[in-house]
């Protein structure tokens, strides 16, 4: 019984939602520090070099507590430094086609 209780406490501390993790990041953080706090499950939504020669990369972190995800956090890095982030609400469109 004690082992089960210990496992339950550990699992509660390990599972964090994306919305919990986003509260722990600050603008100006390095990309590697942000990934440590947000987790390694992300998509690369954009990657390019801007007119000034800066490397710009946008990473997307889907909300872990939702299936399917209804929101994604997009974080923009310039030269591996977090410059801005946005919470995007995903459209939940039906894949069914309606006919008159």
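Of note:
- The ranking of 81, 34, 58 by Cβ neighbour count inside 10 Å, starting from the fewest, reads 81, 58, 34.
- The overall shape of the range 13-89, judged from the alpha-carbon gyration tensor, is prolate: a/c is not under 1.5, and a/b is greater than b/c.
- Mean Cα-pair separation over length for the range 13-89, i.e. relative contact order, pairs under 8 Å, 6 or more apart, %: 28 percent
Just so you know, all these numbers are worked out from the coordinates, no wet-lab data involved. All of these numbers come straight from a predicted model, not from anything done at the bench. Here the Cβ is made from the backbone with ideal geometry for all residues, glycine too, and neighbour counts use every protein chain on show.
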